[in-house]
Amino acid sequence: MAKTLVKTTQDGRKVEVIGLAICLDGELEAFELVEVKLHPNRRKIWEAAPDATHMAGRITLTKEEAAIVEAAFAGAQSEILASPAAINERFRIAAMWKAREQGIE
C-alpha cells in the first residue's frame, strides 16, 4: 500500500493516507473526512483551528490537506479495484477498526 504524507503535526507526528485509511503516526485515525461546518463541535474546532475545513477523526485539516487526502483515496480506490491483495488489506483494516471500536486493541 502506498503512503501519502498529508502533514506533520506540531509535535512531529506524521498524518498519512495508507490505502483507504487516514493514519496518525502509523496508527489508524479515520476512514473518512467530515466537513467542519457539518461537525457538531464546529465552533470549538474553529476556535482551536480557524483554518480547518475538515476533520479526520481528531485531526483538523485545511482545504489543501483535505484535497491531498481525497486524491490519495481516489488513487487507492483504483488500486483496490485492480488488486486482490489490496482487497485483503481493506478487510484487514476494517477488522482492525471494528476491534478498536469494541475496545479490543
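Applying the set (1) open to solvent by 30 Å² or more (accessible area, probe 1.4 Å); (2) closer than 21 Å to Trp97 by Cβ to Arg43 leaves exactly one unmet item: (2).
Condition check ((1) modelled with pLDDT of 85 or more; (2) surrounded by fewer than 13 Cβ atoms within 10 Å (Cβ to Cβ); (3) among the polar types (S, T, N, Q)) across all residues:
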residue	(1), (2), (3)
Glu47	yes, yes, no
Pro50	yes, yes, no
Gly57	yes, no, no
Thr62	yes, no, yes
Ala85	no, yes, no
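Among residues of the range 1-17 being surrounded by 14 or more Cβ atoms within 10 Å (Cβ to Cβ) and in contact (Cβ under 8 Å) with a residue 24 or more places away in the chain, the one that is farthest from Asn88 (Cα to Cα) is Lys7. When we screen Ala76, Ala94, Ala72 for residues that are open to solvent by less than 70 Å² (accessible area, probe 1.4 Å), farther than 23 Å from Gly12 by Cα and out of contact with any helix residue (DSSP H, G or I) (no Cβ under 9 Å at 6 or more places or on another chain), the only hit is Ala94. What about Glu101, is it open to solvent by 50 Å² or more (accessible area, probe 1.4 Å) and modelled with pLDDT of 90 or more? For Glu101, the condition - open to solvent by 50 Å² or more (accessible area, probe 1.4 Å) and modelled with pLDDT of 90 or more - is not met.
The values are calculated or read from the model by the stated rules, or taken from the named source; none is laboratory data. The shown structure was predicted, so the numbers you read here are calculated from the model rather than taken from an experiment. In this analysis, Cβ positions are derived from the backbone assuming ideal geometry, glycine residues included, and neighbour counts consider all displayed protein chains. Each accessible area value is taken on the protein alone, full model and side chains, heavy atoms only, with ligands, DNA and RNA left out. Shrake-Rupley method; radii C 1.70, N 1.55, O 1.52, S 1.80 Å.
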